[in-house]
Each structure stands twice: as structure tokens, then as C-alpha cells.
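S.K.: To start, I am sharing the structure in question, which I have written as C-alpha cells.
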Amino acid sequence: MTPRPNQDVAAEDRSSSSSVNQLNKNIVMQLQANSKDSGFVNQGFESDVKGDSPNLPQQPPTTSKIMDFDDFLPYVGEFGRYQKILFLWMIPFAFFIAFVYFSQTFMIVVPEEHNCFIPDLQHLSREDRLELAIPHEEDGKYSKCHMYNVDFSILDTNSTASKEWPIIPCRFGWEYVYSKDDIPYESIASQNDWVCEKQSLSTIAQSFFFGGAIIGGLLFGYIADRGGRIPALIGSNILGFIAGIGTAYSNNFWQFSLARFFAGFAFDNCFTMMYILVLEYVGPKYRTFVANMSIAIFFTLASTIMPWIAYWVEDWRMFTIITSASLAFAIFTPWFVPESARWLVSAGKIDKAVTLLKDVATKNGKHDIDPRIFNEFAESCKRMKEEESSFQNYSVLDLFKTPRLRRTTLLLIIIWMAISLVFDGHVRNVGNLGLNIFVTFSIGSVTEFPADTLLTLTLDRLGRRWLACGSLVLSGIFSIFATLAQDSAVIFASLALVGRFFVNISYNIGLQYAAEILPTVVRAQGVTFIHIMGYVASMLAPFIADSGKVAMALPLIILGITGIISGLLALFLPETLGHELPQTLADGENFGLGQKLLDAPCCIKQIENESCEIRRDEPRTPVNNFVRSSAGATLRSSIRGELASNLLTRSLRRNETAPQL
């Protein structure tokens, strides 16, 4: 008997009762009459009831099966004109997140050339002031933080500095050299002299930003779950707009830090909500492309352009206003972007979701869909919502109750914290590479495009585990190699940027890895928790970048060692390519049983296929005990687990290449 679509194969008791035969024949005739054009006739069951076959189920089947959202989507179009328009609407929001995430770098930049301000020597040239008032460091350069402690007002113009003069920290502030070759404008850091012993203030302000990101993730995740993707998308962008304008009018450390704290609320959310919404309309086989290429094209473009906005306007306040004001355009979103149909289903607004999906079908040119298909889908959703109400409530603590799942969860936390730290550390370290920060930042941003493109082409072939390991280890190796080439600024910066290229790959893998490994019943909470821990790690990244002022190679050494260790740890995670996602806690505990440390999907695929051929005529058994238990589980996965949090960035890129045994 051919297995029913989207149902696990199980042994069924048979009966040869003629009354049951007749009953099932009548049911099949009714199914044929009602569902001939809908594509839902169970042909396997039909073949069993032709004639007086003894292979009949004891109970008559229902007249309709539970239809998953992904089962229904092909009828209205998985990546038609409607989805392509939504894909293009990701462009402004990709710019928004680049502006929110990276703009602070160019608000706090300080020119390389800055020294103590000496009011009594302003009548002299800069070279003469330095020679007379500023001591030399061990490397032969003039000190940025110290001056000679003498009364310069009584010195004549022919005086020369003496090594016997006492040295003190800058007493009257600093003077800065602004130039097109370095930093052409005054920043809030140079305005307030956040240099030398105060240089940590810029770093602390960046940590305030990530503190806001933690709270914002929870707040807007809750709004997204309860009120929809659109309200969360608009709310996060508007808050980012207000906080950005507040940043532009900040005059001291505490005003600036408070403004950056609230700007952090918008981080991730100002784009992720749109990101998730679009993926919720795209068919599974297109999600890897949409998820990766939206970042590769739109985010890369925004990140590359943004430094030159600051360079062009030459005013940190105006730069902040320009990059923040654009977020206000999100208020027009409801006129151009629909609410997520998946969220409407999860919220019980099924009729509204069906109406919206009919519009999707029309714009995709699907004009001949049988209305009964929409009715079938609506009924399936209603039945699943009824089942949802009886589900046990789980919490993130359930991930730590069993040994294997606990180990997997801890590994995911450690690895994601390392990835976040290394990625953000590379972003913040561009100012320490010895070249023009605007150029190196743009080049570093460009590495996102080939990284995401390469990932799109290889992720579903090589698997998550080895790609995560390889990219992290290579990132670490190139970062450490860069420290051996400090004599050449170009080679030093180039190797560091190669290290960033590889961590871009691992970052994108990590974003979806946890969502695939953790079981559905606690997936949203688990991924949210893991991402919050990533934000905590990111709070340390500015301090690591700041260590470059002690030794230029120190940040890359720290990032390199962290990358190599976390990459090796990734090998102890189970591979998800070619496997169904775990649904229950028991599935999560058993996920990956039988996998070996050196197993690679590209090497064992042929063996698995041959195994499938051998067992084709045998009763089919779920592999590794984590095949979905019913067709309804995929709907639960969509409306209860995978789409429950805005912090599930890119988690919808489910692997659809799993062999259906």
C-alpha cells in the first residue's frame, strides 16, 4: 500500500469484512467526487480498496487530511511575483539594520593624530608645538596622552625640550588633526575628549547598545507573537528613529549612552521582522536563497555605502540624523507589506489568512485554484489550533533536564557566543588595521556577499557541522596569520579581512543551526535564549577591539584563538542536513544518535541512498527516531515553534533535502 502523503508509515491492522470493504469503497468514491481536482485523493488507499482486498484499515479514514502551510503554499505560488515583490521590499529594512548596527562606529571615531592641547603654544606651528611640549613614546612617536609639565608661557621661541622635564597627563585637553586621508570631521568622542584614560567611554557606550538589544529582542519578540510581524516591525523602526535623533542631540556620555541603549532596541528587530515575514511566504526550497541572498545583496550594499555617507557629510550629528531619519519610513509599511499569513494562522485569524492567500494566488497568476482547496486548508488550520490548546507548556529549562540535549544546548550557547564575539570583534577592529577606516570598513562589508553566496551554494551539500567548523577555524587561522605580518599594513589588513570573510560564513550558519537542532516544542524559547547570550558576548567585542590600543595584534590574537576553539567544538554537534527536525524533547534527546565525529553528509549520502533502495519494499521505519510523528507536526512547527520569536533570525531556512524514507 502506498503511504499517505505527509504521514508516517506505520503497520496497520487489516480486516476482510465485506461491510468494511463496501464502506471504504463508498468513501473513496466520495473522495474522488469531491477532491478529483484538488490533488488530495489518497491514491494508495484507493488502490487497496479496489476489489475485495484484505488489506483494509479497520477504521474508515477521515475525508480530509491535515494540510501543512508548506503543503498548501505551492497552490498559491512558492516564489512567484508576489514573493519577489516582497523580496525587494527587504531592501529598505536591510539598510535600516546596517545603519542601526554600524553607525556608532562613525559617531565615535577619533583621528589617529591627536595630542595634548597646549594653549600657551598656539602661536607656533603644530610641528614646533609637538617638538617642544610632547614627549616621545618608546616607538619614537609623539605621545597622545602626555605632555611636559613646565610653564610654557615663560619659555622663549628658541627653547628646546629636555628629557629632564617632568611628564604629566594632558592638562588642557587635546587637539586633533582632521584630514581627508584619515577622519575629516569631529565626532562626539573628539568633542568630549574620549581618548587616553577616557577612551573606554566609547566602548562602554557601545555596550549600552547591546544591553538595549537584549531587552528589545524580548519586547518586540513578544509584540511579534501577540500583535503580529507588522506592528513589531513598525514599532522597532520608529523607536530606532527616535533614539537615533536623540543620539544626534547628545552632548555628554550619559546622554549618548542612554540614546544608544534605546537605539539597541531596534537592533535586529528593525530588519528581522521583515526578514521572517518574507520567509513565511516563501516555499521551503527557496528559503535558503532568499534568506542568504537578501543579506548578501541588500545588507552588503547598505554596509558598504554607509561609511561614505559619514565621509561626505563630515558632521557626526548630521550623519546620525540622516541614517536615523530613514527608519521613519517604516510607518508606511502596512500600505505595501501584508501581515504574515502564517502568523494569522497561529493567532487563530484563519479566515483573514485565507483571504490574504487568495490575493497571493491572484498576483502569482494562480487563477484556477479550486475553492475547496482553501476550505480544506482552513479546516486543517482550525483542527491544528484545537490541538494546540491541549499542548503542554515547555520552557527553556527543559533543554537542560536530559544529558544529551543539555550538552547540545550548552555547546550551541558557547559556539554562538563565540561566533557573535568574533564577528562583532572583527567589525569593531577595522580601526586598528592601520589603513583608512572608511576603506577597510567598506572592504570588510563587501566580504559578506561572497560569503553568503558561497554558503548558499554549499550549505545543503556539505552540511552545517563541517562548514561551521571549517569557517570558524579558518577565520581563526587567518586572524593569527595577520599578526605575523604587522610590518606590512596592507598584508596585515588583508589577512584580517579574510578572517572576517570566514566568520561571516559561520555567523550565517550559526543563525539557523540552533533552530534546526532544538526540538519544536521549545525551539523559539531556546533560540531566543541562545541569541540573547550572543548579545551578551557582543558586549565584550568593543573592549577586545579597544585592546588594539595596547598592542595592534592583540584583538586578532584573541579573536583567532576564540574562532579556532569554537570551530572545533562545532564538531561535537549533531548534523542536521538530511534529517527531519526534532519535534519533542525525546526527539531532541535522541537527535544525532549513531552519528560519528568524522561523519560528513557529502560522504555518506550515497550509502544512505543505497540503504533506502534495499529497504524500499520493507516496512519503513523512521531514522534516528526523529521523523515527524504526524502531518500536523509541521504546522505546529510553523505556527508554534519556528516562527514564535523575532530572534529566530534566518531560522526558517529549513532543510528540505532530507530523504523521505
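The values are calculated or read from the model by the stated rules, or taken from the named source; none is laboratory data. In this text, all values refer to a predicted model and were calculated from it rather than measured experimentally. Reconstructed Cβ throughout: ideal geometry from the backbone, glycine too, with neighbour counts over all protein chains shown. Accessible surface areas use protein heavy atoms only, side chains included; no ligands, DNA or RNA. Shrake-Rupley method; radii C 1.70, N 1.55, O 1.52, S 1.80 Å.
S.K.: Say a paramagnetic label sat at a point 7 Å from the Cα of N149, along Cα to Cβ; which residues of segment 113-141 have their backbone N under 15 Å from it?
M.R.: It comes to 135, nothing else.
S.K.: Quick one: net charge of S340's neighbours, Cβ under 10 Å, K/R +1, D/E -1? Present the calculation step by step, with values, prior to reporting the outcome.
M.R.: Numbers: positive: R229, R342; negative: E280, E339.
Result for the local shell: 0.
S.K.: Can I ask one more? Under a Cβ-Cβ cut-off of 14 Å, what is the net charge of the residues other than V177 that fall near it, where Lys and Arg count +1 and Asp and Glu count -1?
M.R.: -2
S.K.: Still on this structure, I have one more. Below 11 angstrom from the Cβ of N504, what's the summed charge of the other residues (Lys, Arg +1; Asp, Glu -1)?
M.R.: -1
S.K.: Given a 1.4 Å probe and the protein chains all in place, what does the accessible area of H136 round to, in Å² to the nearest 10?
M.R.: 100
S.K.: If you don't mind, another one. In segment 391-460, what percent of the accessible surface is made up of carbon and sulfur (1.4 Å probe, ligands and nucleic acids excluded)?
M.R.: Solvent-exposed carbon and sulfur of segment 391-460 make up 70 percent of the total.
S.K.: Now, a different point. With a 1.4 Å probe and every protein chain left in place, tell me how much accessible area F298 has, in Å² to the nearest 10.
M.R.: 20
S.K.: Indicate the gyration tensor shape class of segment 458-549 (rounded, prolate or oblate), computed on the Cα atoms with a ≥ b ≥ c the square roots of the eigenvalues: a/c under 1.5 is rounded; otherwise a/b larger than b/c is prolate and the rest oblate.
M.R.: oblate
S.K.: Apply the a/c threshold of 1.5 to the C-alpha gyration tensor of segment 327-408 and tell me whether it is rounded, prolate or oblate.
M.R.: Because a/c hits 1.5 or more and a/b fails to exceed b/c, segment 327-408 counts as oblate.
S.K.: Also: For segment 110-176, state which chymotrypsin sites (Phe, Trp or Tyr not before Pro) are in a DSSP loop and have at most 14 other beta carbons lying within 10 Å of their beta carbon.
M.R.: Of the chymotrypsin sites (Phe, Trp or Tyr not before Pro), the ones in loops of segment 110-176 whose Cβ has at most 14 other Cβ atoms within 10 Å are F172.
S.K.: Still on this structure: With the cut-off at 30 Å, tell me which of the pairs K163/K549; K349/K401; K285/K596; K84/K180; K84/K349; K84/K596 have Cα atoms farther apart than that.
M.R.: K349/K401; K84/K180; K84/K596, as the Cα separations exceed 30 Å there.
S.K.: Where the accessible area of segment 221-317 is counted over protein heavy atoms with a 1.4 Å probe, how much of it, in %, is carbon and sulfur? It would help to have the intermediate numbers written out before the result.
M.R.: Working: 2250 of 3180 Å².
Summing carbon and sulfur atoms, their accessible area is 71 percent of the total for segment 221-317.
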